[in-house]
Amino acid sequence: KSGQFMIGAARVEIDDEVYFSKPISIKISKPEAIPQQNRPAFVLAEVNNETPYVGEQVVYTFRFFRRVQIANAKLDLPTFDGFVIEDMGEQLEYEIVRGGQKFIVTDVKKALFPQEAGMINIPAAVLNADIFMQNRKKRRRRDMFDDFFGSARGQTQTKVLRTNEMVLRVKNLPPSTQKSSGLIGAFDIKAT
(Lines give C-alpha, C1' and ligand atoms only; values in the text may rest on other atoms or scores of the structure.)
Protein backbone atom coordinates (compact mmCIF):
# COMPACT_ATOMS: atom_id res chain seq x y z
CA LYS A 1 0.00 0.00 0.00
CA SER A 2 1.09 3.54 -0.51
CA GLY A 3 1.44 5.90 2.45
CA GLN A 4 3.75 6.80 5.34
CA PHE A 5 4.91 3.83 7.45
CA MET A 6 7.15 3.38 10.49
CA ILE A 7 9.44 0.38 10.94
CA GLY A 8 9.95 -0.01 14.64
CA ALA A 9 13.30 -0.22 16.40
CA ALA A 10 15.24 -3.47 16.27
CA ARG A 11 16.29 -4.85 19.67
CA VAL A 12 19.44 -6.84 20.31
CA GLU A 13 21.02 -8.00 23.56
CA ILE A 14 24.81 -8.32 23.77
CA ASP A 15 26.62 -9.24 26.99
CA ASP A 16 23.55 -8.47 29.12
CA GLU A 17 23.16 -5.02 27.54
CA VAL A 18 20.18 -4.17 25.34
CA TYR A 19 20.64 -2.02 22.26
CA PHE A 20 17.94 -0.50 20.03
CA SER A 21 18.18 0.77 16.50
CA LYS A 22 16.45 3.96 15.47
CA PRO A 23 12.96 3.56 14.01
CA ILE A 24 12.80 4.11 10.27
CA SER A 25 10.11 6.13 8.55
CA ILE A 26 9.31 5.05 4.99
CA LYS A 27 7.13 6.77 2.44
CA ILE A 28 5.70 4.40 -0.17
CA SER A 29 4.54 6.21 -3.28
CA LYS A 30 2.00 4.97 -5.75
CA PRO A 31 3.72 3.62 -8.87
CA GLU A 32 3.85 6.01 -11.75
CA ALA A 33 1.06 4.81 -13.90
CA ILE A 34 1.51 4.16 -17.57
CA PRO A 35 -1.52 5.73 -19.22
CA GLN A 36 -3.98 2.91 -19.79
CA GLN A 37 -4.31 3.58 -23.50
CA ASN A 38 -0.54 2.89 -23.85
CA ARG A 39 -0.77 -0.53 -22.23
CA PRO A 40 -1.37 -3.64 -24.35
CA ALA A 41 -3.90 -4.92 -21.78
CA PHE A 42 -5.44 -3.72 -18.51
CA VAL A 43 -8.42 -4.38 -16.24
CA LEU A 44 -10.90 -2.17 -14.39
CA ALA A 45 -13.66 -2.85 -11.90
CA GLU A 46 -16.47 -0.50 -10.95
CA VAL A 47 -19.80 -0.39 -9.20
CA ASN A 48 -22.81 1.71 -10.12
CA ASN A 49 -23.44 2.82 -6.50
CA GLU A 50 -20.85 3.17 -3.72
CA THR A 51 -23.40 4.09 -1.02
CA PRO A 52 -26.32 1.64 -1.32
CA TYR A 53 -28.89 0.72 1.31
CA VAL A 54 -28.98 -2.75 2.85
CA GLY A 55 -30.57 -5.08 0.26
CA GLU A 56 -30.28 -2.58 -2.62
CA GLN A 57 -28.86 -3.99 -5.85
CA VAL A 58 -25.36 -2.85 -6.80
CA VAL A 59 -24.04 -3.73 -10.26
CA TYR A 60 -20.36 -4.79 -10.18
CA THR A 61 -18.65 -4.67 -13.59
CA PHE A 62 -15.25 -6.20 -14.37
CA ARG A 63 -13.74 -4.97 -17.66
CA PHE A 64 -10.77 -6.47 -19.52
CA PHE A 65 -9.28 -4.17 -22.20
CA ARG A 66 -6.78 -5.59 -24.70
CA ARG A 67 -5.05 -4.60 -27.94
CA VAL A 68 -3.12 -7.87 -28.24
CA GLN A 69 -3.84 -11.56 -28.64
CA ILE A 70 -4.32 -13.53 -25.41
CA ALA A 71 -4.52 -17.17 -24.39
CA ASN A 72 -5.18 -19.15 -21.21
CA ALA A 73 -7.07 -16.33 -19.50
CA LYS A 74 -8.19 -17.16 -15.94
CA LEU A 75 -10.30 -14.69 -13.98
CA ASP A 76 -10.48 -14.79 -10.17
CA LEU A 77 -13.31 -12.54 -9.05
CA PRO A 78 -13.55 -11.49 -5.40
CA THR A 79 -15.58 -13.65 -3.01
CA PHE A 80 -17.93 -10.72 -2.32
CA ASP A 81 -18.24 -11.45 1.41
CA GLY A 82 -21.24 -9.64 2.90
CA PHE A 83 -23.27 -9.78 -0.33
CA VAL A 84 -25.80 -12.06 -1.97
CA ILE A 85 -24.55 -12.46 -5.56
CA GLU A 86 -26.40 -13.08 -8.82
CA ASP A 87 -24.95 -13.47 -12.33
CA MET A 88 -26.17 -10.90 -14.84
CA GLY A 89 -26.00 -13.07 -17.94
CA GLU A 90 -23.16 -14.03 -20.22
CA GLN A 91 -20.01 -11.96 -20.54
CA LEU A 92 -20.19 -9.29 -23.21
CA GLU A 93 -17.44 -8.56 -25.75
CA TYR A 94 -17.19 -5.43 -27.89
CA GLU A 95 -14.70 -2.96 -29.39
CA ILE A 96 -14.11 0.64 -28.32
CA VAL A 97 -11.61 3.41 -29.04
CA ARG A 98 -9.96 4.86 -25.94
CA GLY A 99 -7.22 7.48 -26.07
CA GLY A 100 -6.95 6.97 -29.83
CA GLN A 101 -6.33 3.21 -29.43
CA LYS A 102 -8.74 0.45 -30.46
CA PHE A 103 -9.42 -2.11 -27.71
CA ILE A 104 -11.41 -5.31 -27.46
CA VAL A 105 -13.31 -5.19 -24.16
CA THR A 106 -14.81 -8.09 -22.21
CA ASP A 107 -17.37 -7.24 -19.50
CA VAL A 108 -18.43 -9.53 -16.66
CA LYS A 109 -21.31 -8.26 -14.50
CA LYS A 110 -22.60 -9.37 -11.10
CA ALA A 111 -25.58 -8.12 -9.13
CA LEU A 112 -24.58 -7.64 -5.49
CA PHE A 113 -27.05 -7.22 -2.62
CA PRO A 114 -25.38 -6.00 0.61
CA GLN A 115 -26.67 -7.83 3.70
CA GLU A 116 -25.61 -5.45 6.46
CA ALA A 117 -24.80 -1.80 6.99
CA GLY A 118 -21.25 -0.52 7.31
CA MET A 119 -18.09 -0.39 5.27
CA ILE A 120 -17.81 -3.48 3.03
CA ASN A 121 -14.57 -4.13 1.19
CA ILE A 122 -14.57 -5.61 -2.32
CA PRO A 123 -11.10 -7.09 -2.92
CA ALA A 124 -9.25 -6.83 -6.22
CA ALA A 125 -10.19 -9.09 -9.12
CA VAL A 126 -7.18 -10.85 -10.67
CA LEU A 127 -6.78 -11.94 -14.29
CA ASN A 128 -3.91 -14.23 -15.31
CA ALA A 129 -3.34 -14.47 -19.07
CA ASP A 130 -0.70 -15.30 -21.64
CA ILE A 131 -0.30 -12.15 -23.74
CA PHE A 132 1.35 -12.16 -27.16
CA MET A 133 3.80 -9.24 -27.32
CA GLN A 134 5.16 -8.06 -30.67
CA ASN A 135 8.93 -7.81 -30.94
CA ARG A 136 9.47 -4.42 -32.57
CA LYS A 137 13.27 -4.54 -32.65
CA LYS A 138 13.64 -6.62 -35.79
CA ARG A 139 12.22 -5.40 -39.04
CA ARG A 140 11.77 -7.95 -41.76
CA ARG A 141 9.47 -8.54 -44.65
CA ARG A 142 6.00 -9.46 -43.39
CA ASP A 143 4.96 -13.02 -44.19
CA MET A 144 1.25 -13.83 -44.60
CA PHE A 145 1.77 -17.00 -42.52
CA ASP A 146 3.02 -14.97 -39.51
CA ASP A 147 -0.47 -13.87 -38.54
CA PHE A 148 -2.05 -17.23 -39.33
CA PHE A 149 0.39 -19.51 -37.52
CA GLY A 150 1.74 -17.04 -34.95
CA SER A 151 4.60 -14.75 -35.66
CA ALA A 152 8.21 -15.52 -34.84
CA ARG A 153 8.59 -11.76 -34.30
CA GLY A 154 7.02 -11.83 -30.86
CA GLN A 155 6.78 -13.78 -27.66
CA THR A 156 4.16 -14.80 -25.15
CA GLN A 157 4.39 -13.37 -21.64
CA THR A 158 2.29 -14.40 -18.67
CA LYS A 159 0.77 -11.30 -17.10
CA VAL A 160 -1.13 -10.82 -13.86
CA LEU A 161 -3.59 -7.95 -14.13
CA ARG A 162 -5.29 -6.68 -10.99
CA THR A 163 -8.14 -4.23 -10.38
CA ASN A 164 -8.24 -1.77 -7.49
CA GLU A 165 -10.00 -2.71 -4.28
CA MET A 166 -13.25 -0.88 -3.56
CA VAL A 167 -15.09 -0.01 -0.37
CA LEU A 168 -18.85 0.41 -0.27
CA ARG A 169 -20.50 2.40 2.48
CA VAL A 170 -23.76 0.49 3.01
CA LYS A 171 -26.51 2.45 4.78
CA ASN A 172 -29.27 1.14 7.01
CA LEU A 173 -32.79 1.45 5.69
CA PRO A 174 -34.42 4.68 6.83
CA PRO A 175 -36.76 4.27 9.80
CA SER A 176 -40.41 4.01 8.86
CA THR A 177 -42.79 6.70 10.11
CA GLN A 178 -45.80 4.41 9.63
CA LYS A 179 -46.62 0.80 10.26
CA SER A 180 -44.69 -0.88 7.50
CA SER A 181 -44.85 -4.18 5.71
CA GLY A 182 -41.10 -3.88 5.15
CA LEU A 183 -41.52 -2.84 1.51
CA ILE A 184 -39.90 0.44 0.48
CA GLY A 185 -40.70 2.44 -2.63
CA ALA A 186 -43.64 3.60 -4.69
CA PHE A 187 -46.11 0.88 -5.70
CA ASP A 188 -49.02 0.90 -8.08
CA ILE A 189 -51.46 -1.99 -7.75
CA LYS A 190 -54.31 -2.70 -10.15
CA ALA A 191 -56.83 -5.49 -9.88
CA THR A 192 -58.78 -6.73 -12.89
Report summary line: In whole percents, the bins of 5 Å from zero upward hold the Cα-Cα pairs of the stretch 83-123 as 6, 17, 17, 16, 13, 14, 11, 6, 1
Report task. Provide the solvent-accessible area of K74, counting protein heavy atoms only and rolling a 1.4 Å probe, rounded to the nearest 10 Å². Result -> 110
Report summary line: Expected unfolding gain across M166-M119 under the 0.36 nm per residue rule, minus the alpha-carbon gap, is 15.9 nm
Requested in this report: Please sort 186-192, 57-63 by packing, taking for each peptide the average over its residues of neighbouring beta carbons within 10 angstrom, highest first.
Outcome: 57-63, 186-192
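Full extension from D87 to V18: what is 0.36 nm times the residue separation minus their Cα-Cα distance, to one decimal in nm? Walk me through the numbers on the way to the answer.
Details: separation 69, 0.36 × 69 = 24.84 nm, distance 5.95 nm.
Length gained between D87 and V18: 18.9 nm.
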Query - All-pairs alpha carbon distance profile, the stretch 1-80, 10 Å steps from 0, percent - result: 12, 21, 23, 19, 13, 9, 2
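Which FRET efficiency value, to the nearest 0.05, do you get for Q157 and Y53 by plugging their Cβ-Cβ distance into 1/(1 + (r/R0)^6) with R0 = 45 Å?
0.55
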Query raised in the report: Ignoring ligands, DNA and RNA, how do Y53, Y19 rank by accessible area with a 1.4 Å probe, largest first?
Result: Y19, Y53
**Report entry** K74/E46 FRET efficiency (R0 25 Å; Cβ-Cβ; nearest 0.05)
**Finding:** 0.75
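The values are calculated or read from the model by the stated rules, or taken from the named source; none is laboratory data. Remember, predicted model here, so these are calculated numbers, not experimental data. For neighbour counting, all protein chains shown are included, and Cβ atoms are generated from backbone atoms with ideal geometry for every residue, glycine included. We work out accessible area using only protein heavy atoms, side chains counted, and drop any ligands, DNA or RNA first. Shrake-Rupley method; radii C 1.70, N 1.55, O 1.52, S 1.80 Å.
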